[in-house]
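The values are calculated or read from the model by the stated rules, or taken from the named source; none is laboratory data. If you're wondering where the values come from, they're calculated on a predicted model, not measured in any experiment. As a convention, Cβ positions derive from the backbone with ideal geometry for all residues, glycine included, and neighbour counts pool all protein chains shown.
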There are 2 protein chains.
Amino acid sequence: MQPIRFEPAALLPAKTMDIQQYMQALGQRARNASRAMARADSAAKNRALLAIADAIARDASRLKEINQKDLARARANGNDAAFIDRLTLSDKALQTMIEGLRQIAALPDPIGEITNVRVRPTGIQVGQMRVPLGVIGIIYESRPNVTIDAAALCLKSGNATILRGGSEAIESNTALAALIAEGLASAGLPGEAVQVVATPDRAAVGELITMTAHVDVIVPRGGKSLIERLMRDARVPMIKHLDGICHVYVDGRADPVKANAICDNAKTHRYGTCNTMETLLVDVAAQALLPELARTMRSRQVELRACERSYAVLEAAGIDGIKHAVEEDWSTEYLAPVLAVKIVDGLDAAIDHINHYGSHHTDAIVSEDYSATMRFLREVDSASVMVNASTRFADGFEYGLGAEIGISNDKLHARGPVGLEGLTSLKYVVFGHGEVRQ
Amino acid sequence: MQPIRFEPAALLPAKTMDIQQYMQALGQRARNASRAMARADSAAKNRALLAIADAIARDASRLKEINQKDLARARANGNDAAFIDRLTLSDKALQTMIEGLRQIAALPDPIGEITNVRVRPTGIQVGQMRVPLGVIGIIYESRPNVTIDAAALCLKSGNATILRGGSEAIESNTALAALIAEGLASAGLPGEAVQVVATPDRAAVGELITMTAHVDVIVPRGGKSLIERLMRDARVPMIKHLDGICHVYVDGRADPVKANAICDNAKTHRYGTCNTMETLLVDVAAQALLPELARTMRSRQVELRACERSYAVLEAAGIDGIKHAVEEDWSTEYLAPVLAVKIVDGLDAAIDHINHYGSHHTDAIVSEDYSATMRFLREVDSASVMVNASTRFADGFEYGLGAEIGISNDKLHARGPVGLEGLTSLKYVVFGHGEVRQ
């Protein structure tokens, strides 16, 4: 491994070491800092969050200047407009960061809560205490706002963090890391509680996801290819979001007005989000509703890819611009104005289709039939299951979590939108009076 | 891969296929069965559990005969007495299985519970529903009782299971699997909800722990070497128990009578269990209690391995049979009548020692000091943290879980004793009235 140099004062002292040594040192420092964070009181954590917000406001001009270096390099490398947009620290982006920090400071502290305390026949009292996970590694793309969001959520939940953002944002991230360290120090918390990996070397990621002694969980935030690569190599457990192939099922007893409004919103409110509908399932008993649903989609230039039966219905209704769906369409996350459409033979077929082709993210039924909605809620194996609501509601803010670090497709630990509580776990606490086991 | 033959009627049809095909087929069948199990009602699951209990009672003689084949082979292979003991289906072992099944039938069903339903400003109501994990793989040693215990817990929690027991128990496990399938069928549940891997080929384990499409979680039950091997190769998430290096810290304000009773029980109640004390930490302010604690240990022939300071105290008190501890002692799980002893400089040093050398399993403080106990509870990073109680209480039954599938050293998902709830997760459910996102 090539020797690297570290510049930022907020990070490890500048010296030459190899990537493995560097990451292990970062990990050890994070582990130590995590002990202090676990016992930090809410007031100190909130002071740190507000101090970071103030420092960003104070240094806004400087941050934008530093960000220009990243932007210049990204433009020279030919990155596209969307990439440049995500990388840019505009006034609006900085203001959003500042507001995010203040919102997270205002959230209740999840740590230390003790629940379910019960007296056992032996006399001991057994309960559970909510505690931080410990050290959280965040791997993300070139979006400096994630540096602040992720650091803030981990800080509030009492965790230490190692942040590994896209190398194109390294100047911006390093500058933000220094402000975070300043905020932590001003609140009497260890600056090492939030560390940014200060090398663009990709080998750093390989270390981060395998150093199980120092890192308790990895939260990757990025596209499917990043996540799939991490899944192959990670040894540290992950809270991950893979993809969102979301369905709306219009049941035979759907209210037509609700069906139309929900499908419209679920598909066309935002095309690029993970909770956007990608496949519309229509009960054969509701196929009379299909032309109207299709007209709404076509009025918004959504391309429809229809199964045999729905194609025939739409053709007969004179809807234009319909394509034939192929097998692959049922498992494609378009993230675009394209919608797969299928007529199914009732609730069981809809549930089977969703459980087979979906990504266990978010699925909705539109129906006025009580038993159908209850079965859909129970039997669809997805992180979010909805009745008569748009899939677009699958979101930490909409669910009332206050903020989210991501949406989990996993079944273990946190499922669906992950807020502060997803960055914690429960340990058992036993209050005794000298009891021994018989 | 070599072709193998499958005999048991309860399993895949007898034919020749390679291990990978076989395990994939098992996985696909488990996945299908998991859908039916997820919607099974409590009454059906309980009927199945009771029918399995009745079938074991009815076939006790035959099971013991079949078990003799495994025992004969194990003896011929030179397995030791403890191994033979665990492999034996005695009348007592069968009775314990039957009682376990009936107890699990009597437990409340965790599945379907909906909690935390809140109305959001948009009008949607958001809650969480408890659901099964899906397909659980259990990997264990040659203990046929685990076949029944694990199957029963997975069944009650609505999961499908693939059981891979030690190859020395294969005849016994296959016979038990047939009775499980019979019980499932009698309750109208799919027999494939519990499948036993019917080949001793070790490659089966390699498939089981990597087929992420079909298996949601692996629960290994076995020694440290098994777990470490699985940790290297598994792609499926695990709920695992690694080791138990448990501490009792006798604080400067400990009640001497409680300290002596708790240390005695924590060390000597059972030597081979994971919640047994392996290191005794004594506050320097409580070192006057050390000779009495040591005398209790010596009266039970427990070997003491003492740090410099405690060695001096014990020598001065005329306690015999003391050895000098070496660095390795602080991180050794003896599982034997051996105890490491260390004098520490107060609470902070005790917490640091436990967090550094312990295995995050179970640790206890003996103290009458309110602030010390509160800090110990919060800052010791272990699955179970106790005040004035023996570490031996860290157990699913003692905690009131009704039963346990194991004790987790992990931080994600379930921590400490894992009961039915640990085999479930929470999905979000949204009750709407036609709402769309603005």
Counted residues in segment A:133-148 being buried (at least 24 other Cβ atoms within 10 Å of the Cβ) and facing chain B (nearest Cβ under 9 Å) come to 1
Taking segment B:260-274 and the residues there that are buried (at least 24 other Cβ atoms within 10 Å of the Cβ) and facing chain A (nearest Cβ under 9 Å), the one that is nearest to B:L335 (Cα to Cα) would be B:A266
Flagged in segment B:355-368 as more than 9 Å from chain A (Cβ to nearest Cβ), closer than 14 Å to B:D251 by Cα and buried (at least 22 other Cβ atoms within 10 Å of the Cβ), in numbering order, are B:D363, B:I365, B:S367
Heads up, the strands (runs of 3 or more DSSP E) in segment B:369-438 (entirely inside) with at least 3 residues that are at the interface with chain A (Cβ under 8 Å from one of its Cβ atoms) are B:384-389, B:424-435
The residue that is nearest to the other protein chains (Cβ to nearest Cβ), considering only those in segment A:116-127 that are out of contact with any helix residue (DSSP H, G or I) (no Cβ under 9 Å at 6 or more places or on another chain) and at pLDDT 95 or above, is A:R118
* Output yes when any residue across segment B:232-247 is out of contact with any strand residue (DSSP E or B) (no Cβ under 7 Å at 6 or more places or on another chain), surrounded by fewer than 24 Cβ atoms within 10 Å (Cβ to Cβ) and away from chain A (no Cβ under 14 Å), and no when none is. => yes
Per the list (1) away from chain B (no Cβ under 12 Å); (2) free of Cβ contacts under 8 Å to residues at least 40 places away in the same chain; (3) under 28 Å from A:K224 (Cα atoms), residue check on A:R295 breaks on (3)
Checked against (1) buried (at least 19 other Cβ atoms within 10 Å of the Cβ); (2) more than 26 Å from A:I218 (Cα to Cα), A:T115 satisfies every condition except (1)
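Being under 15 Å from B:I405 (Cα atoms) and assigned to a strand (DSSP E or B) narrows it down to one of B:I148, B:I139, so name that one.
B:I139
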Filtering segment A:73-110 for residues that are assigned to a helix (DSSP H, G or I) and closer than 17 Å to A:E141 by Cα leaves a count of 12
Note: among B:T373, B:T273, B:T332, just one is under 21 Å from A:Q438 (Cα atoms) and among the hydroxyl-bearing types (S, T, Y), namely B:T273
Residue pairs qualifying under the 8 Å Cβ cut-off, at least six apart or on distinct chains, with the first in segment B:320-333 being assigned by TED's automatic domain parsing to the domain that holds B:L290 and the second being part of a loop (DSSP other than H, G, I, E, B), are B:A325/B:C307; B:S331/B:I245; B:T332/B:I245; B:E333/B:D243; B:E333/B:G244; B:E333/B:I245; B:E333/B:C274; B:E333/B:S359
Checking the structure you have, find out if any residue of segment A:80-97 is within 23 Å of the chain's Cα centre (by Cα), modelled with pLDDT of 95 or more and under 30 Å from A:Y428 (Cα atoms).
no
Counting only residues in segment A:248-259 that are within 8 Å of another protein chain (Cβ to nearest Cβ) and not aliphatic (A, V, I, L, M), the one surrounded by the fewest Cβ atoms within 10 Å (Cβ to Cβ) is identified as A:D255
Of the residues in segment A:332-368, those that are small (G, A, S), closer than 21 Å to A:V418 by Cβ and outside any loop (DSSP other than H, G, I, E, B) come to A:A364
Exception for B:A106 within (1) within 14 Å of chain A (Cβ to nearest Cβ); (2) out of contact with any helix residue (DSSP H, G or I) (no Cβ under 7 Å at 6 or more places or on another chain) falls at (1)
Flagged in segment A:278-301 as surrounded by fewer than 20 Cβ atoms within 10 Å (Cβ to Cβ) and in contact with a strand residue (DSSP E or B) (Cβ under 8 Å, 6 or more places away or on another chain), in numbering order, are A:V284, A:Q287, A:R298
Residue pairs qualifying under the 6 Å Cβ cut-off, at least six apart or on distinct chains, with the first in segment B:375-396 being touching a residue at least 24 places away in the same chain (Cβ under 8 Å) and the second being assigned to a helix (DSSP H, G or I) and β-branched (V, I, T), are B:E379/B:I351; B:V380/B:I351; B:V380/B:I354; B:S390/B:I262
